[in-house]
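These notes are about the structure you will find just below.
Please treat every number below as a calculation from the coordinates, not as lab data. Keep in mind the model is a prediction, meaning the values are calculated, not measured. FYI the Cβ positions are ideal-geometry reconstructions off the backbone, even for glycines, and counts take in every protein chain you see.
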Amino acid sequence: MILDQINDIASICSGHGIKTAIISPGSRSAPLTLAFARHPAIDCKVISDERSAAFIALGIAQQQKLPVVLICTSGSAALNYAPAIAEAYYQEIPLLILTADRPPEWIDQYDGQTISQNEIYGNHVKRSFTFPSAVSNEDVKWHCNRIINESILCSSSIPFGPVHINIPLRAPFTLKKRSARAMMK
């Protein structure tokens, strides 16, 4: 299940010494937010404005000399990270950008927030990866873990720089509404 892989991302990041995650919350990225917020070794800061969040991450990574994780929801939110990502690329500052996304079949359907996010940062990242939309067997799980590890190693190898992982999620996080009948019991 893809949510197990989401929890693994925070653990793998911590295992590589990553200490900070900057989160721009949204419903689609809620599983990522929860995984990092629940991890005891990662300091999470919530900055709702994506452009500001990315520049804050840039400054922290510059000071720590370690990758800082940036997390945002799907759609145009990811584009707001672009100015800071370009700066990180040219200044050789390590960032790990995690963008939640819709499943591939929902992209470019002329509906809100269905923009193509694969390789959204173009030449301003060292590498760009996309998670599979479903984790159906152990090989796919291994592949997801490899993507995370490769991304962190790439970001923190000379020359340092930003690396992007796009993560399609089938359903955003929603709280189930209780029916009136269930609340009366």
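Structure data summary
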quantity: Whether segment 36-101 is rounded, prolate or oblate, judged on the alpha carbon gyration tensor where a/c under 1.5 counts as rounded; calculated: oblate
quantity: Order of VAL125, VAL69 under a 10 Å beta carbon neighbour criterion, fewest first; calculated: VAL125, VAL69
quantity: FRET efficiency for ARG146 and ASN80, using Cβ-Cβ distance with R0 set to 22 Å, rounded to 0.05; calculated: 0.15
